[in-house]
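What follows is one structure encoded as structure tokens, with my remarks underneath.
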Amino acid sequence: MPTGKVAVFTTSGVPFDIVELPTPEVEPGGLLVKNTHAVICGSDLHGWRGDGDEPIPPIRKLTGHEFTGVVHSLGNGVETDSLRRPLQEGDRIAFPFFNPCNRCYWCIRGEHHACPHRGRWRTLEQHPYCDAGNADYYYLPQGHYVFKVPEELPTDAVPPVNCALSQVLFGLERAKMDFGDTVVIQGAGGLGVFATAIASEKGASKIIVIDGQQPRLDLAVECGATDTISMVEYPTPQSRVERVKELTHGVGADVVVEVVGVAAATLEGLDMVRVNGKFIDIGNIGGGSIEFPAVKVISNQTQWFGTVHYNPWIIEAALQFLVRTMDRMPVTNVVSHKFPLEKINEAFEFAEWHGREGGTTANRVALTM
Ligand SMILES: [Zn+2]
Ligand SMILES: [Zn+2]
């Protein structure tokens, strides 16, 4: 088997290390991916910065989860993708970056997103190492899910499919957003803009997008936002909540999607949900805390959907969504800057600076392998 370069992450503030490691033997039912593109996701930056309340324990591991590649080698018995379409070496593929076990309490109920054994986050002491995107290779073990990328899609469009796009699509599906719903999207980064486009495709009557950066709000409008709330114009949580109430005739939103990644956004978003409405909480995985009287969600009868990961069918639905909407919305031109894997430290610095300067989902930073 080939060896490949991997970028090793230790903890925030410590530069990535590039090392060469062996790839695993491809077992029957397995698939070795030659990674081609990995996009730097907001959640990668949270870890790199060290945004959580607790310091990250210094364990050497691989990172990168928003990525794509081509088939390098197929294990015995693997001849098709998960929809039984023939698969060959060199085919472009999309796949979840976690592996549901298919034999547990959650998996047998079809709740792959909640499988407690789905993680692939090992340390460098545990073989096989090919378990992340910021590396030359990725290993899909037996029982994996994999989908051929439609020919129409540019490869640059594919990395966000297994993270940002599938995540918000699953969130909205899981909460059963209805045709005609009023939807608030908190945050117009990668996830927020995709959530806007999906809510629009699903027939939302109003899509109110909140962000502090005008270029992001402009992009959200191109993806179907009917109203925007600039955090410059509405600088306090209370003013934004009031604006949402105004725009929804005093009712509040049917669905609020939190994709900010700051704990305070959850507190604010909960106040925007109408009585008996839905709150889809996705962004706050950084570990920040909030405190509020429990009665806030009880008397409001809020349906609160904490959401991490998705079920495998979402990947195919996301790919088809891109094919269907790419001519109408800027959903596929998502990468503006590319760095080779060896320059990962520069790439993270650049992504950080770029984000602060008003970077949008249309000009994200990708690593190429
Ligand atoms: Zn991500
Ligand atoms: Zn399972």
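For Ser336, the criteria (1) in contact (Cβ under 8 Å) with a residue 40 or more places away in the chain; (2) under 19 Å from the mean Cα position of the chain (by Cα); (3) in the same structural domain as Phe9 (by TED's automatic domain parsing) hold in every case but one, which is (1).
Does region 78-92 contain at least one residue that is in contact (Cβ under 8 Å) with a residue 12 or more places away in the chain and within 16 Å of ligand 1 (Cβ to nearest atom)? Within region 78-92 (the criterion being in contact (Cβ under 8 Å) with a residue 12 or more places away in the chain and within 16 Å of ligand 1 (Cβ to nearest atom)), the answer is no, since none of the residues qualifies.
When Gly261, Gly277, Gly288, Gly252 are checked against the criterion of being surrounded by 19 or more Cβ atoms within 10 Å (Cβ to Cβ), within 21 Å of the chain's Cα centre (by Cα) and not charged (D, E, K, R), Gly261 stands alone in meeting it.
Yes/no per residue for (1) within 23 Å of the chain's Cα centre (by Cα); (2) within 16 Å of ligand 1 (Cβ to nearest atom); (3) within 14 Å of Phe348 (Cβ to Cβ); (4) charged (D, E, K, R):
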{"site": "Val14", "(1), (2), (3), (4)": "no, no, yes, no"}
{"site": "Thr23", "(1), (2), (3), (4)": "no, no, no, no"}
{"site": "Pro28", "(1), (2), (3), (4)": "no, no, no, no"}
{"site": "Gly47", "(1), (2), (3), (4)": "yes, yes, yes, no"}
{"site": "Leu62", "(1), (2), (3), (4)": "yes, yes, no, no"}
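Only one of Val323, Val297 is more than 20 Å from the chain's Cα centre (by Cα), at pLDDT 95 or above, surrounded by fewer than 21 Cβ atoms within 10 Å (Cβ to Cβ) and in a helix (DSSP H, G or I). Can you tell me which? Just one listed residue meets the conditions, Val297. Does Phe67 fit the bill of being under 30 Å from Gly13 (Cβ atoms), in the same structural domain as Glu152 (by TED's automatic domain parsing) and within 16 Å of ligand 2 (Cβ to nearest atom)? No. Counting just the residues of region 70-122 that are away from ligand 2 (no atom under 13 Å from the Cβ) and among the acidic types (Asp, Glu), which one comes out farthest from the chain's Cα centre (by Cα)? In this case the residue turns out to be Glu79.
Test Val158 against the stated conditions and say whether it is outside the structural domain of Ile282 (by TED's automatic domain parsing), among the aliphatic types (A, V, I, L, M) and within 15 Å of ligand 1 (Cβ to nearest atom). Criteria met by Val158.
Can you confirm whether Tyr145 is under 20 Å from His309 (Cβ atoms), at pLDDT below 95, touching a Pro at 6+ places or on another chain (Cβ under 7 Å) and outside any helix (DSSP H, G or I)? No: the conditions fail for Tyr145. Checked against (1) within 22 Å of Asp181 (Cα to Cα); (2) touching a strand residue (DSSP E or B) at 6+ places or on another chain (Cβ under 8 Å), Leu267 passes all but condition (2).
The values are calculated or read from the model by the stated rules, or taken from the named source; none is laboratory data. All values reported here derive from a predicted model rather than from experimental measurement. All Cβ positions, even for glycine, are placed from backbone atoms using ideal geometry, and neighbour counts span all protein chains on display.
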